[in-house]
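For reference, the structure discussed in these notes is given below.
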Amino acid sequence: MKQLLFIALLGFAALKIWPAIVAPGAEPLYSDPYVAVYGRNSCGITQSMLKTLRQQQVEYEYHLVDEPQVADLLHSRMESSGISTGRYSLPVVDVSGTISVRPSPAEVVSQLRSY
């Protein structure tokens, strides 16, 4: 019984990390480190992210996901990173090619500083 549970747990873990192994990730948009925030003006969590980034003097690009060209670009970058585009929370943040769905501002700053 323990072996079966262990195998099931191992299989579940493999399924969770498989997209990270298979998906190569998104190519960075620029050669220098950057932060691109994709969201909506009506999204409180997006606005909170932008406010915190401004307070911490992090330069960023803001893109409205309601614009078809922006949504197409975001979805292709998410798919190349192994992230489902069916339903997702906002904001989606791209830190030099690393795509995250609803990260904390601290995670974004930490990722940016690691470059």
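The values are calculated or read from the model by the stated rules, or taken from the named source; none is laboratory data. What you see is a predicted model; the values in this text were computed from it and never measured. Cβ coordinates were reconstructed from backbone atoms using ideal geometry, including for glycine residues, and neighbour counts include every protein chain displayed. With ligands, DNA and RNA removed, areas are computed over all heavy atoms of the protein, side chains included. Shrake-Rupley method; radii C 1.70, N 1.55, O 1.52, S 1.80 Å.
At a glance:
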item: Pick from the stretch 1-31, criterion in a loop (DSSP other than H, G, I, E, B), closer than 20 Å to residue 80 by Cα and open to solvent by 90 Å² or more (accessible area, probe 1.4 Å), ranking: modelled with the lowest pLDDT; result: 24
item: Pair list, Cβ under 6 Å, 6 or more apart: the stretch 52-67 residue surrounded by 12 or more Cβ atoms within 10 Å (Cβ to Cβ), other residue of a type outside the set (A, V, I, L, M) and at pLDDT 95 or above; result: 52/105; 53/60; 63/38; 65/38
item: Failed item, numbered, when residue 83 is tested on (1) over 9 Å from the mean Cα position of the chain (by Cα); (2) part of a loop (DSSP other than H, G, I, E, B); (3) modelled with pLDDT under 95; result: (1)
item: Filtered residues of the stretch 86-115 (kept if under 12 Å from the mean Cα position of the chain (by Cα) and open to solvent by 40 Å² or more (accessible area, probe 1.4 Å)); result: 88, 89, 98, 101, 102, 104, 107, 111
